[in-house]
Amino acid sequence: MRFIRRYLVPRLLQYVLVTVLGITVVFAIPRLLPGDPVENMVATLQARSANLDPAAVEKMIHTLREMYGLDQGLFQQYLTFWKRLFAGDFGPSLFVFPTPVIQLIGQSLPWTAALLLVTTLLGWTIGNILGGLTGYFPDARVLKILDGAVMLIRPIPYYVFALTLLILFAYLLPVFPLGGGYTVGTKITLTWSSVRDVLRHAFLPALSLTVLLVASTFQTMRLIIRGVTEEDYVRYAKIGAVKEGTIFTKYGMRNAILPQITGLALSLGGIFGGALITEMVFGYPGLGFLLYRAIVNVDYNLLMGITTISIGAITTSILVVDLLYPLFDPRIRFR
Amino acid sequence: MRTLRELLRNGWFSVGAAILLVLAVLVVLSFFAPDDPTAWRVAPRDLRPSWEHLLGTDSKGQDVFWQMTFAVRNSLAVALLAALISRAIAVTVGLVAGYSGGVVDRGLMFINDALLVLPLFLLLVLLAMLVREQMSILSMAVMFGIVGWAWDARLIRSQILSLREREFTYTAILSGTPVHKLVFREYFPFVLPLLLATLISYMAWVVGMEITLALIGLTDLRIPTLGSVLKWAIDYQAMLLRLWWWVFAPIVASVALFVALYLISVSISDYLDPRARIQRVRAR
């Protein structure tokens, strides 16, 4: 019982407050700026794409007015905003009017989820194992070379790295397709050739994401494990002639992995924001690419929908990891 | 000075500092540029690099070399300004929260944690989309500065929490030192090295963020920055037209800047790490 009162309730309260704060910021941003938000939105939209059908614009303004409810008081608007949110209604998309935003997100989510789930888990695992080994055996020749390679890769901007891969393996050496999620004109089925086609398209984006995640995980893990190996209990185990392999896995990695788990939670929650730059460079049909199209076409509704979902996903995944933490760290017990 | 000498003994730091020096020379040169960086058609278009145009010219009729001097200058200006703003907020929040504790502390740390968790990039995009016409160097720096202080404020706060229990705090309070004097005169020097260590990685974050925002077209593309020069090159299909000098100039410059900032930040935090310091003293 004490656990519930002292830990669970404050933690849940914090979760709710942070989520509400984030979503309130989303609500406030268009309303804080001078001028009528609907007029502003439509004006930028028209400036971008000149050949809009006037009737469609009229209809758009009407729907937006109804959605924002600007003739009501601010508090009433806020209540309506939340009511729509709980119904999963983010309004119609502006650039593929009047498809609902939620439907567009639903179409893109599986692509991004599959790509990012695999690369995040893979990159995190490989990065931690290699980083752990390098931190624990700093004198091994192979690992030293690896350390140097990571030092070189790490500062490369994401965009440049992805573009280089694209130029090398799709343009100069056409091993992989130039972009997209599947060959245009084909339907995705569960046959081998179709699956292979999808995997071939996903390979380069996956490679770029994995390599960069490995590099960043590698470096933090190497630092953490260097600290752990200087702890007294590791020294004691060495004096007590515990096997080197056991010290590395059970004494070193077991303790060093804990801070990394929070990082994993953040990346997993970030999946719902998509991988903007990667998907943009490779034209991969996921959430990041949808986000990019929303930005280029000034689709404010779509952008708000993606942001709101992403806020919910990140705060929830951190909450889940916080509550599961005692499973990984036996020293922490909820009492 | 002694600190600098000791840092220069670290090979990585010297490499980083050397690259940064080259970039600094570019910044200085930008003040002697022959043309207005925003003017088009001041040079023949699509020329290969030559003595007259060191890095060639682009399809807008601008000299790429002089464009790059402005780009480096503006990108660094945004990074430095944003760093100053965010550091100022971080110090104030960290000192106040750490020293006063209680409700103030909890309130400030709540905002702090929210900033750490929320997807800042998406929120920045949301804001940038509506103010894109007014995205000057200054407003960009303010925008990045306002969201980028959370991590450092937390570090500073925990430092202050431990300083507050130290002997000299009690001596100061008993001898009647006013609180603001205690906090800013006595505590600030302890916090300073922490600030410097994170300053550089924060600047790298800002430069990267600026490039990303420019690539998706959310900054004022008339102002040359590392991001906007690259964006123009890509929009004009410079890669397909084989105008490699136009694409490579911003890419090489930004990679150089990232590598330099990264090497310097790694060697500074190495320098500040007490464990590494012991090893250094032993080695001598």
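Quick note: the coordinates plus some simple rules give every number you see, no bench work behind them. Just so you know, these numbers come straight off a predicted model, no measurement behind them. Here Cβ is always computed from backbone atoms with ideal geometry, including for glycine, and neighbour counts include all displayed protein chains.
How high is the relative contact order of chain B, in percent, with contacts defined as C-alpha pairs under 8 Å that are six or more residues apart? Write out the running numbers ahead of the final one.
Details: 337 pairs, mean separation 76.9, N = 284.
It comes to 27 percent, rounded to a whole number.
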Open item on the list: Quick check: residue separation of A:Ala113 and A:Ala87 times 0.36 nm, minus the Cα distance between them. What number comes out in nm?
Closed with: 7.1 nm
- [ ] Give the span of chain B's Cα atoms along each principal axis, as three whole-Å numbers ordered largest to smallest.
- [x] 74, 52, 30
Task: Candidates A:Ala149, A:Ala206, A:Ala241, ranked by Gaussian network fluctuation over chain A, Cα under 10 Å, top entry - done: A:Ala241
Task: Largest-first principal axis extents of the Cα set of the stretch A:122-209 (Å) - done: 53, 28, 19
TODO: Springs between alpha-carbon atoms under 10 Å, Gaussian network over chain A: tell me which of A:Gly240, A:Gly123, A:Gly179 tops the mean-square fluctuations.
DONE: A:Gly240
Task: All aspartates and glutamates inside 19 Å of A:Lys243 as judged from Cα atoms, apart from same-chain residues fewer than 8 positions distant - done: A:Asp139, A:Glu230, A:Glu231, A:Asp232
Task: Alpha carbon convex hull of the stretch A:7-47, projected area averaged over orientations, nm² - done: 3.4
Task: Cross-link partners of A:Lys250 among lysines (Cα-Cα below 21 Å; sequence separation of 8 or more within a chain) - done: A:Lys238
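Which helices, taking whole DSSP H runs in chain A, have alpha carbons extending 24 angstrom or more along the helix axis plus mean Kyte-Doolittle at least 1.0?
Sorted by number, the helices that extend far enough and score high enough are A:9-32, A:101-136, A:300-328.
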TODO: Could you tell me which helices of chain B pass both thresholds, a Cα extent of 30 Å or more along their own axis and a mean Kyte-Doolittle hydropathy of at least 0.5, with helices taken as whole DSSP H runs?
DONE: B:64-100, B:188-215, B:244-272
- [ ] Compute from the Cα atoms of the stretch A:190-276 the Rg and the Dmax, the latter being the longest Cα-Cα distance, and quote both in angstrom.
- [x] 19.0, 58
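Percent of alpha carbon pairs in chain A separated by more than 37 Å?
Considering chain A, 35 percent of its Cα-Cα pairs are separated by more than 37 Å.
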TODO: Whole number please: convex hull volume per residue, Cα atoms of the stretch A:57-122, in Å³.
DONE: 105
Open item on the list: On the Cα set of the protein assembly as shown, report Rg and Dmax in Å, please.
Closed with: 26.2, 82
Open item on the list: Given R₀ = 25 Å, what would the calculated FRET efficiency be for A:Tyr233 paired with A:Leu327, taking r from the Cβ atoms and rounding to 0.05?
Closed with: 0.70
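Given a Förster distance of 35 angstrom, what is the FRET efficiency for A:Thr164 paired with B:Ser162, based on the Cβ-Cβ distance and rounded to 0.05? Intermediate values should be presented prior to the final figure.
Numbers: r = 46 Å, r/R0 = 1.30.
That gives a FRET efficiency of 0.15.
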- [ ] Tell me the label-point distance for the pair A:Trp192, B:Arg45, using the 7 Å Cα-to-Cβ offset, in nm and rounded to one decimal.
- [x] 5.2
- [ ] Using only Cα atoms, figure out Rg for the stretch B:157-284 and give it as a multiple of 2.2 N^0.38 Å.
- [x] 1.64
Task: Partner lysines for B:Lys60 [C-alpha distance under 25 Å; skip if fewer than 8 residues away on the same chain] - done: B:Lys231
TODO: Quick one: among B:Ala83, B:Ala204, B:Ala238, which has the greatest mean-square fluctuation in a GNM of chain B with alpha-carbon springs under 10 angstrom?
DONE: B:Ala238
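Taking a cut-off of 11 Å, what percent of all Cα-Cα pairs in the stretch B:233-272 are separated by more than that?
66
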